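The values are calculated or read from the model by the stated rules, or taken from the named source; none is laboratory data. Everything numeric in this text was worked out from a predicted model, so none of it was measured. When we count neighbours, we look across all protein chains shown, and the Cβ atoms used for this are built from the backbone with ideal geometry, even at glycine. Surface accessibility is based on the protein's heavy atoms, side chains included, excluding ligands, DNA and RNA. Shrake-Rupley method; radii C 1.70, N 1.55, O 1.52, S 1.80 Å.
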Amino acid sequence: QDGSATAVPSDGVEYLVSTSVGGQSLNLDFDTGSADLWVFSSELPSSDLSGHSYYTSSDSSTFQSLSGYTWDISYADGSGASGNVGTDTVVIGGTTVEGQAVELAEKVSSTFVSDAADGLVGLAFSSINTVSPTPQSTFFENAQSSLDSPLFAAYLPNNADGAYDFGYTDDSKYSGDITYTDVDSSNGFWEYPSTSYKVGSTTHSQSGYTGISDTGTTLILMGDSAVTAYYDQVSGSSYDSSQGGYVFDCSADLPTLSISIGGNYATIPASLLNFGTASGSSCFGSLQSVGSGTQNIYGDVFFNAFYGVFDASGPSFGFATV
Ligand SMILES: CC[C@H](C)[C@H](NC(=O)[C@H](C)NC(=O)[C@@H](CCSC)NC[C@@H](N)Cc1ccccc1)C(=O)O
């Protein structure tokens with residue numbers, strides 16, 4: 001059954017979706033960069049639960065334990081979580097999945113305790129689901145047969161309520177055409193070639209690079225050569241280790257950044273490349289370094305500018321101007 005769920009921006013760093021798990025309402029971070037659906041649970045130390053809604057399996061009449069199953073996930077930012085597993089009915093917007101694997105947290109890293117999300121809904125490919133001994137399917141994979149089309153779309157406008165649409169694309173949320181590219185899911189991500197970029201109107205190549213569409217990452221993270229090429233065009237910009245990234249004067253004149261999605265460019269407007277005040281009159285850049293490797297991570301700042309379509313047939317990824 002197709003449906004749409006509202007995504008609410010939280011602290012400017014993520015979008016949360018109110019989700020029913022066994023009849024219990026939680027605010028979850030929809031994450032196309034991972035494939036585990038995990039929730040804050042009554043099994044956590046009570047000190048970790050302050051400020052969070054959490055799931056209590058014994059309060060759900062539809063919970064079934066998966067005896068002996070465990071999960072343990074690590075994220076690129078160094079955070080992580082682990083626990084045990086059961087199944088329950090999960091409702092997102094108008095889409096219901098019965099028997100969804102729900103990963104109950106027994107441990108979460110400190111960043112999650114202080115973060116607003118009550119857990120994550122992984123929407124990448126279940127080949128990277130961490131449940132042992134048997135990896136579990138994602139909510140989207142389980143819902144697919146009940147959808148008109150095997151796709152979901154992310155609408156995450158800047159500083160405004162957005163939505164995740166399941167089973168259809170909503171042409172009231174974008175303008176122009178949706179441009180698609182083939183996805184290589186062999187690493188478990190919505191990943192595609194991203195071998196060039198433009199700083200303003202100047203084209204640069206980054207051969208061998210790919211991009212990953214990751215709604216669970218806030219910023220645009222690219223290789224150091226791209227980050228350097230960009231900030232070389234922002235006079236007065238510098239890497240500020242105390243802020244953990246590149247900063248510039250808030251009045252700085254920023255160039256646009258165009259990233260290649262397969263063979264097509266998506267141009268991020270300059271306004272979105274100023275992430276906001278770091279301290280005093282210095283502002284933090286929305287483009288930061290991904291560190292080593294050749295996988296760029298295109299996070300929420302990308303989705304602030306583009307409606308993103310994740311289509312399992314293919315699979316393919318599409319984008320259209322918001
Ligand atoms: C260090 C861990 C590496 C990156 C790898 N893990 C991953 O790739 C995991 C699945 N995905 C992630 O760490 C990243 C994508 C990395 S692309 C290589 N996405 C999920 C992340 N945004 C979830 C999150 C949301 C809110 C707060 C924090 C974290 C692994 O387990 O090997």
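Close contacts from the stretch 87-110, counting a first residue that is under 15 Å from Thr138 (Cβ atoms) and a second that is open to solvent by 20 Å² or more (accessible area, probe 1.4 Å) and of a type in the set (Phe, Trp, Tyr), with Cβ to Cβ under 7 Å and a gap of 6+ residues or different chains, come to Asp88/Phe63. Checking each residue in the stretch 248-260 for being farther than 11 Å from Ser196 by Cβ and either open to solvent by 10 Å² or more (accessible area, probe 1.4 Å) or in contact (Cβ under 8 Å) with a residue 60 or more places away in the chain (or both) picks out Asp249, Cys250, Ser251, Ala252, Asp253, Leu254, Pro255, Thr256, Leu257.
So, Thr215, is that one part of a loop (DSSP other than H, G, I, E, B), modelled with pLDDT of 95 or more, within 19 Å of Thr321 (Cα to Cα) and among the β-branched types (Val, Ile, Thr) or not? Taking the combined requirement at face value, the residue satisfies it. Checking every residue in the stretch 115-138 against the condition of being open to solvent by less than 20 Å² (accessible area, probe 1.4 Å), over 26 Å from Ser79 (Cα atoms) and either in contact (Cβ under 8 Å) with a residue 60 or more places away in the chain or outside any strand (DSSP E or B) (or both) gives zero matches. From the list Ser186, Ser172, Ser207, the one residue that fits, being of a type in the set (Gly, Ala, Ser), in a helix (DSSP H, G or I) and open to solvent by 30 Å² or more (accessible area, probe 1.4 Å), is Ser186.
The residue of the stretch 16-71 that is surrounded by the fewest Cβ atoms within 10 Å (Cβ to Cβ), among those that are farther than 19 Å from Ser114 by Cβ, hydrophobic (A, V, I, L, M, F, W, C) and away from the ligand (no atom under 16 Å from the Cβ), is Leu66. Of the residues that make up the stretch 271-292, is at least one without any contact (Cβ under 8 Å) to a residue 40 or more places away in the chain, open to solvent by 20 Å² or more (accessible area, probe 1.4 Å) and within 26 Å of Ile178 (Cβ to Cβ)? Within the stretch 271-292, one or more residues are without any contact (Cβ under 8 Å) to a residue 40 or more places away in the chain, open to solvent by 20 Å² or more (accessible area, probe 1.4 Å) and within 26 Å of Ile178 (Cβ to Cβ).
Given the condition over 17 Å from the mean Cα position of the chain (by Cα) and under 17 Å from Phe302 (Cβ atoms), answer yes or no: does some residue in the stretch 157-165 qualify? Among the residues of the stretch 157-165, not one is over 17 Å from the mean Cα position of the chain (by Cα) and under 17 Å from Phe302 (Cβ atoms), which makes the answer no.
Screening the stretch 294-304 for residues that are open to solvent by less than 10 Å² (accessible area, probe 1.4 Å) and not β-branched (Val, Ile, Thr) and picking the one that is farthest from Gly223 (Cα to Cα) gives Phe303. Picking from residues in the stretch 73-98 that are surrounded by fewer than 15 Cβ atoms within 10 Å (Cβ to Cβ) and assigned to a strand (DSSP E or B), the one that is nearest to the ligand (Cβ to nearest atom) is Ser74.
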